[in-house]
1. Taking the residues in the range 138-179 that are loosely packed, with under 14 Cβ neighbours inside 10 Å and assigned to a helix (DSSP H, G or I) as candidates, determine which candidate is nearest to ligand 1 (Cβ to nearest atom).
2. Restricting attention to the range 253-268, and to residues there that are among the hydrophobic types (A, V, I, L, M, F, W, C) and more than 15 Å from V309 (Cα to Cα), which single residue is farthest from the chain's Cα centre (by Cα)?
3. Suppose we keep only residues that are buried (at least 18 other Cβ atoms within 10 Å of the Cβ) and charged (D, E, K, R) within the range 1-55. Which one would you say is farthest from ligand 2 (Cβ to nearest atom)?
4. Does the range 21-31 contain at least one residue that is under 18 Å from K95 (Cβ atoms) and not β-branched (V, I, T)?
5. Within the range 87-137, which residues are under 25 Å from T32 (Cβ atoms) and surrounded by fewer than 17 Cβ atoms within 10 Å (Cβ to Cβ)?
6. So which residues in the range 247-283 are touching a helix residue (DSSP H, G or I) at 6+ places or on another chain (Cβ under 7 Å) and buried (at least 20 other Cβ atoms within 10 Å of the Cβ), if there are any at all?
7. Taking the condition of being polar (S, T, N, Q), under 31 Å from the mean Cα position of the chain (by Cα), within 24 Å of I206 (Cβ to Cβ) and away from ligand 1 (no atom under 15 Å from the Cβ), how many residues in the range 93-137 meet it?
Amino acid sequence: MNDLHVVVLAAGKGTRMKSDLPKVLHKICGLTIIERVIRTAAALQPASITMVVGHGAGEVKRSLAKRTRLQFVTQEQQLGTGHALLQTRPLLEGKSGTVVLLSGDAPLLSVDSVKALLATHQEAAAAATVITATFPRPFGYGRIVRTSGKISKIVEERDTTAAQKAITEINSGIYAFDLAPLFAALDSIGTANKQGEYYLPDLIAIYRKQKRAIATWTVQRADEIRGINSRAELGEVTTMVRQQKNEELMAAGVTLIDPATTYVDADVVVGPDTVIYPCVFLEGNTRIGGACEIHSGARIVNSTIGDRVCVRNHTVVTDSTVEAGAVLGPFAHIRPGSKVGEDAHIGNFVELKKTDIGKGAKANHLAYLGDATIGPKTNVGAGTITCNYDGEKKHQTVIGAGVFVGSNSTLVAPLTLADGSYIAAGSAVTTDVPAGALAIGRARQENKDGWVAKRQAGKAK
Ligand code: UD1
Ligand code: CA
């Protein structure tokens, strides 16, 4: 919208979080609180989005570096929400249209609610429109004071009279303002309150005196306007967001054995007929195909999993790709840069790092495969280790198609095992093995006849 400008307040310290991290950088299901607010702002397609930063400004800006259209203003001292909005004057004064003010700590607000706010604001031709909500326990919020049904002022918790404390209609801290009278009115906000701060809600009483139109729009789902001020509130909001994500997954055909203990980040996509067991974590930019099974204790981060993959218990996959029909775990560790090919099997206590496993290849038990390429249909025996690190550099192990690597092989990289080669169990392999050859790299076994009896005889003496 051409004449719509969004301002997001995010300069506050968030003292009640008791955190070194700026409040708005705490995460809810994989996204920072502020990223969630910015997504709502961006969905309105406004002419501009301005964020007021202060506490931890550098960190907050860095976290949003990819949002190139976002403009920042700094509020050096956090003197209150009225003072915070005033900081946008150099960017917005003189423009016409509407400002939507969002609170950087209220991430549940829906785009539809902001649109409803704007509709009410326009219809009433108001100077200010406030989103309000009814909270049975309104403690901590500014109260909406009405005279003859019309909003006359907003009183902060600390400044309420006993009668005002009982008011259950509260200020969401989210507003629409007509730009024309805004900055002059902000100038006249004072600090005569218990906290000695410039309170933005005081604008309502100022406009009332100036006889300007003021409107309110009451949000139906009051939870939408919840602000996060403490870890307890962060936890409560996280539970709500997680529930909503899980409902979306189930609506899209995913079975969650226990939605209460399924932890799926906002941007994760899961295909239909996939079954997710309790205590599974799907994080970041992860895509899971259809008809997969993801068993308890699995954690999958920034990874792509194809269709019909079975991820057994307690498997960790990070920054990797797993193709259709593969089986992982239990207790497999797929580290960054790995690719597990179609129908491949990676079994218990197998660790991969930057390793490409070919179609139908198997490493079923107890192995470390790092910086390696393993061809299709190759079998890697139990206890196989790629020695990829010489203390200074990492080296590659290239294993061809249809290779048989016997159990407990030590593959000293750089090394190539060509197609169809065989490695005898227990070998330390230090030189390349040609196609079709058998490599035996171990001391030949010697049997000493009668040795046991001789030793016992020796002892008896
Ligand atoms: C505010 C409202 C209150 C409302 C509540 C809804 C005021 C005075 N009170 O209270 O009526 O019910 O929100 O959640 O506005 N901020 C700045 N600079 C500052 C102060 C705050 O950028 O100097 C930012 C904060 O980072 C935060 C937002 O403004 O994102 C709200 O500030 P906060 O201190 O959380 O206000 P509340 O006490 O919750
Ligand atoms: Ca707040």
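Quick note: the coordinates plus some simple rules give every number you see, no bench work behind them. It should be emphasised that the depicted structure is a prediction, and the values quoted were computed from it without experimental measurement. Reconstructed Cβ throughout: ideal geometry from the backbone, glycine too, with neighbour counts over all protein chains shown.
1. Result: R158.
2. At the first step, the residues of the range 253-268 found to be among the hydrophobic types (A, V, I, L, M, F, W, C) are 254, 256-257, 260, 264, 266, 268.
Then drop every residue that is not more than 15 Å from V309 (Cα to Cα), which leaves 256-257, 260, 264, 266, 268.
Details: L256: 20, I257: 22, A260: 18, V264: 9, A266: 7, V268: 9 Å.
Step by step, filter the range 253-268, then rank; the result is I257.
3. E35
4. So in the range 21-31, the residues under 18 Å from K95 (Cβ atoms) come out as none.
Within the range 21-31 (the criterion being under 18 Å from K95 (Cβ atoms) and not β-branched (V, I, T)), the answer is no, since none of the residues qualifies.
5. L91, S110, V111, D112, K115 - these are the residues of the range 87-137 that are under 25 Å from T32 (Cβ atoms) and surrounded by fewer than 17 Cβ atoms within 10 Å (Cβ to Cβ).
6. Selection gives L256, T262, V264, V270.
7. So the first thing to find is which residues in the range 93-137 are polar (S, T, N, Q), and the list is 96, 98, 103, 110, 113, 120, 122, 129, 132, 134.
Retained after the next criterion (residues that are under 31 Å from the mean Cα position of the chain (by Cα)): 103, 110, 113, 132, 134.
In the following step, the residues that additionally are within 24 Å of I206 (Cβ to Cβ) were identified as 103, 132.
Now drop any that are not away from ligand 1 (no atom under 15 Å from the Cβ), which leaves none.
Count: 0.
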